[in-house]
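Colleague: Structure below; questions to follow.
Read-outs: derived from the displayed coordinates by stated rules, not from any lab. As the structure is a prediction and not an experimental result, all values here were calculated from the model. Cβ placement follows ideal geometry from the backbone for every residue including glycine, while neighbour counts extend to all protein chains displayed.
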Amino acid sequence: MTSGGRRVVVLGGSGFIGGRAVEMLVARGYAVRSASRTARPLEGLATVEPFRCDVTDAASVRDAVSGMELVVAAFVGDPRTQVDGVRNLCAALSASPARLVYLSTAEVYGGSSGALDETAPLVRQGWDYSDSKLEAEKCLQRAASVGLRVNLLRPSIVYGPRSDTWTLELGNKLEARRWGTLGRLGEGTCNLVYVDDLVAALCLALERESAPGEAFNVNGPDTLTWNEFFAAFNAELGLPPLRDWSRTEAMLRAGIGQLPRTAKELFARRGGAPPPVARVPVARRRAGSQPLAARLLDVLKATPRWRSLTSVYPRSVVYLDRKARRMLGYEPAVRARDGIARSAAWFRRVQEGTS
């Protein structure tokens, strides 16, 4: 299906998912405005209009969506950015016929287990990321009740090239031999959805009229355990087999890593921040020139997060996407094996400085 040159703005167009959305929307014939704090032009996409936008500023959001037929909200940030951004977006579109697709998360279902569809209850879990997405969804549902044409996508674990968490950071952990399989703690369900499949669902939501406020789970075609995911990525990188951590070792590593993370959260809640650590290019890291503080940060990132180890990696849950298949025509095309291979290949190119 082609767009006929319809105008669409992607809020968060310089990010992992937003950037890929910009690329795929251009390929489908849309006239795309990429809105972000940096207004960074995307390489090879001269037809895209870069637009500087701070979603926490109402006037900035209003300018970004002005004249657009379609709006994609794929911005990331702290909880305030998520909630204020959505509030400003609702206000900017209150009298507009534009259609909005908002990228939420399957984490709005909380720590629930089992096979979950869109009728499952939404649960606060004391985690800033998921709770802010839940608050944003409530704001959008209120706006939908008075006419905002919005649909919500709830993707599971989104991975692929340019993913910080599930490609770049994981690859660094594996290559540094600072990660392992987690025994029974890693036997929960890893609901992987490749970024291209998620963006395909996003395009379908833009192109097919659905009732205002309709929400859709978006998942991939395969069900792996977290241990299988880690081992498969490791194998694609051509590394020696992972060591299986004992429960005690995994919990000890997570506990050690939690201490500085807790301190960082306390700084943030008091309105301050710990001293920033400059990022060092991969090539310089490999040359041994990385500052001590940055090396310590890398070690910290290689420890499991306490929440992930205790409530994510062991959880048996599947986010059912039958509604998206039925109503949108969604059909995930990238099998986990292929998506992991593509992610690993991109990681290698980044290391070599060719991407």
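Colleague: Which ordering of Val146, Val26, Val9 is given by a fewest-first count of other beta-carbon atoms within 10 Å?
Modeller: Val146, Val26, Val9
Colleague: With +1 on each Lys and Arg Cβ and -1 on each Asp and Glu Cβ, how big is the dipole of region 105-190 about its Cα centre, in debye rounded to the nearest 20?
Modeller: 80 debye
Colleague: Applying the Karplus parametrisation 6.51 cos²θ - 1.76 cosθ + 1.60 with θ = phi - 60° to the phi angles of region 340-351, what ³J(HN,Hα) value in whole Hz is obtained for each residue in order, glycine and proline being reported as x?
Modeller: So the Karplus estimates, Gly and Pro as x, are 5, 5, 5, 5, 5, 5, 5, 4, 5, 5, 4, 4 Hz.
Colleague: Sort out for me the Cα centre separation of region 172-189 from region 81-154, rounded to whole Å.
Modeller: Rounded to whole Å, the Cα centres lie 31 Å apart.
Colleague: Suppose R0 equals 25 Å. What FRET efficiency, 1/(1 + (r/R0)^6) with r the Cβ-Cβ distance, do Arg305 and Ser355 give to the nearest 0.05?
Modeller: Calculated transfer efficiency: 0.40.
Colleague: Further question on the same structure: Give me the net charge of Glu137's neighbourhood, meaning all other residues with Cβ under 13 Å from the Cβ of Glu137; Lys, Arg count +1, Asp, Glu -1.
Modeller: Result for the local shell: +1.
Colleague: Of Phe233, Ile157, Gly180, whose Cα points farthest to the positive end of the dipole of region 143-250 (charges on the beta-carbon: +1 Lys, Arg; -1 Asp, Glu; origin at the Cα centre)?
Modeller: So the residue furthest toward the plus end is Gly180.
Colleague: Same structure, new question: Using Cβ contacts closer than 10 Å as the measure, can you line up Met251, Met68 from fewest to most?
Modeller: Ascending number of Cβ neighbours within 10 Å: Met251, Met68.
Colleague: Per residue of region 164-175, what does 6.51 cos²θ - 1.76 cosθ + 1.60 with θ = phi - 60° give for ³J(HN,Hα)? Whole Hz please, x for Gly and Pro, Karplus curve as stated.
Modeller: Couplings: 5, 6, 9, 10, 5, 5, 5, x, 5, 4, 5, 5 Hz.
Colleague: Neighbouring Cβ atoms within 10 Å as the yardstick, rank Ser311, Ser130 fewest first.
Modeller: The most exposed by this proxy come first: Ser311, Ser130.
Colleague: Could you work out how much longer the chain between Ala58 and Arg208 gets when fully extended? Use 0.36 nm per residue separation minus the Cα distance between them, nm to one decimal.
Modeller: 51.2 nm
Colleague: Mind giving me the nanometre distance, one decimal, between the label points for Glu249 and Leu320, set 7 Å out from Cα along Cα→Cβ?
Modeller: Placing both labels 7 Å along Cα→Cβ, they lie 3.9 nm apart.
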